[in-house]
Structures are given as C-alpha cells and as structure tokens.
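The values are calculated or read from the model by the stated rules, or taken from the named source; none is laboratory data. As the structure is a computational prediction, the values presented were derived from the model and not from experiment. Glycine also receives a Cβ, built like all others from the backbone with ideal geometry; neighbour counts cover every protein chain displayed.
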Amino acid sequence: MRSLVMGALACAFLAACAQQEPAQLTGAALVERGEYLVNNIGGCNDCHTAMTPQGPDMAHALQGGTLIFQPMIEMPWAPYAPPLAGLPAGYTEEQFVAFMQTGVRPDGSRPLPPMPPFRLNEADARAMAAYIATLPQASPAQ
Ligand code: HEC
C-alpha cells in the first residue's frame, strides 16, 4: 500500500515536471530573439539585403537583394532574393510563421534555390516573424 502511494506521488511529480516548458517569449524579448536568429543564425541578410564590398547594407536590412553568386552547374535558380522587411508581400504573420516551419509558400509553391528550405520550430519561426515585422520596408521609388 505504501509503495502504491509513493508510486502515485512519484507519477504526479513527474507529470508536473514534464509539463514545465520554457517560458514563452513575448514583446521585446521575442523580437530580440528573432533578431539573433535572423542576423546571427539564419544568414538571411547574405541574400535578402543588398550586398556591398563591406557586407550586407544593413541600413536597408532585408529590403531585397540581387545575389552576388551563381551556381557552377545548370540548375533551377532565383538570382534575386525578394524583400522581407515588414514581412514579405502577400504573407500574413501566421503564413510567414508556417512558411519558416515548412518551406512551403501560402499558395503551396516552394521558392527556388538558393533559398534554403528552413524547418524551424514554431517558437523560433514566431521570433523571426516578430523581428522581421519591425523592419522598415524600402521607401517606394521616387
Ligand atoms: C542563400 C541565399 C538565401 C538565404 C540565406 C535566405 N534566402 Fe530567402 N530567398 C532567397 C531567394 C533567392 C528567394 C527567391 C526564390 C524564388 O524566387 O523562387 C528567397 C525567397 C524567400 C521567401 C519567399 C518570398 C516570397 O515571395 O514568397 C521568404 C519568405 C524567405 N526567402 C525568407 C528567408 C528568411 C527568413 C531567411 C533567413 C532565415 C532567408 N530567406 C534566407 C535566398 C535566400
């Protein structure tokens, strides 16, 4: 009987532990995490920001860029990486979060290489979306 009670207690304790998840980030902390993921891990600026001899032009971060490299074999290829700042055109925030988890656009198509097919977890996808949504879009051509 005693071991039964102890067993039940241990189960209850373990269940409580198993339910503990890392605190969900919100607000500024979520944006800060997204900035880290986009700028230090994802490498998004290497393609989606105009390149200069000194590196990506961060004054126009993620406002779109012509790639400065190309494949050495014939293959499907997109030579231009579209603007993402303020979220990519035609995406809601939820659609962008889904795209970063699947690599599939809202219309079911997939971008051409060299866009990497990212498979982020939902928390990281949300953080990237929160950060990218804060970035200013390119001002319209005069
Ligand atoms: C190696 C270059 C490269 C990197 C790194 C890269 N991208 Fe891309 N991305 C592209 C190219 C090129 C396209 C356009 C593909 C096409 O036209 O089919 C694209 C397309 C996209 C699209 C689809 C836009 C649309 O119009 O549907 C999104 C969203 C996107 N990238 C987000 C990101 C994010 C976020 C990161 C960083 C986590 C990233 N990309 C990193 C090259 C890159």
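Listed by first and then second residue, the pairs linking a residue in the range 112-132 that is closer than 12 Å to residue 84 by Cβ to a residue that is more than 9 Å from the ligand (Cβ to nearest atom) and among the small types (Gly, Ala, Ser), with Cβ atoms under 8 Å apart and 6 or more places separating them unless they lie on different chains, are 128/34; 129/34; 131/34; 132/34; 132/85; 132/86. The residues of the range 72-97 that are more than 11 Å from the ligand (Cβ to nearest atom) and in a loop (DSSP other than H, G, I, E, B), listed by number, are 72, 73, 74, 75, 86, 92.
When every residue of the range 35-58 is checked against the conditions, at least one turns out to be assigned to a helix (DSSP H, G or I), acidic (Asp, Glu), under 18 Å from residue 122 (Cα atoms) and within 12 Å of the ligand (Cβ to nearest atom).
If you filter the range 119-142 down to residues that are more than 12 Å from the ligand (Cβ to nearest atom) and assigned to a loop (DSSP other than H, G, I, E, B), you find that the one that is nearest to the chain's Cα centre (by Cα) is 121. Looking only at residues of the range 105-142 that are more than 23 Å from residue 36 (Cα to Cα) and hydrophobic (A, V, I, L, M, F, W, C), we find that the one that is surrounded by the fewest Cβ atoms within 10 Å (Cβ to Cβ) is 141.
Within the set 67, 62, the sole residue that is under 12 Å from residue 132 (Cα atoms) and within 11 Å of the ligand (Cβ to nearest atom) turns out to be 62. The residues on offer are 29, 15, and the sole one that is assigned to a helix (DSSP H, G or I) and at pLDDT 95 or above is 29.
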